[in-house]
Amino acid sequence: MIADALERSMQQFAEARMRQPQQKKQVIDTFMAVFTNLRKKPLADLAQRTAAMQKRIERAVEDMSVEFVRGELVIKAAGSSEFLLNEFRRGSDWFLPEPDVDKIILAAMLVKAKRS
């Protein structure tokens, strides 16, 4: 019962934060920083893939929510956004994984964004 209340409270808190444009920007910037620091294959179209990744990340941030899974807070998303998160968790054919992406994005969601 207390755990359910905590879970609902965390979800509501994250949802409220993510309605704020500055918070969304912080999450997008953090997500892109994670991507920028990942090792990537030296591909001829790396700049185009990076630009496409920026757009994918921006769309994914719109779909993200916080949930408890087996007692741990994780980032959830649907469809292509979930696919993107899984690419970051496991890696893809052109970049290495960041297994802590959920924790990093969660921190960006929950830490109050600085005013610009």
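Points to keep in mind about this one:
- On the stretch given as region 57-89, residues that are surrounded by 14 or more Cβ atoms within 10 Å (Cβ to Cβ) and touching a residue at least 40 places away in the same chain (Cβ under 8 Å) total 7.
- Considering the conditions (1) at pLDDT below 95; (2) part of a helix (DSSP H, G or I), residue 68 is excluded by exactly one of them, (2).
- When residues of region 90-105 are limited to those that are surrounded by fewer than 15 Cβ atoms within 10 Å (Cβ to Cβ) and part of a helix (DSSP H, G or I), the one farthest from the chain's Cα centre (by Cα): 90
- Qualifying residue in region 23-35 (condition: touching a strand residue (DSSP E or B) at 6+ places or on another chain (Cβ under 9 Å), in a helix (DSSP H, G or I) and at pLDDT 95 or above): yes
- Filtering region 10-17 for residues that are modelled with pLDDT of 85 or more, surrounded by fewer than 11 Cβ atoms within 10 Å (Cβ to Cβ) and over 18 Å from residue 73 (Cβ atoms) leaves an empty set.
- Residue under evaluation residue 30, criteria (1) on the phi < 0 side of the Ramachandran plot; (2) surrounded by fewer than 13 Cβ atoms within 10 Å (Cβ to Cβ), criterion not met: (2)
- Single match in 51, 44 (criterion: aliphatic (A, V, I, L, M) and in a loop (DSSP other than H, G, I, E, B)): 44
The values are calculated or read from the model by the stated rules, or taken from the named source; none is laboratory data. Worth saying up front: this structure is predicted, and the values here are computed from it rather than measured. Neighbour counts run over all protein chains shown; Cβ positions are idealised from the backbone, glycine included.
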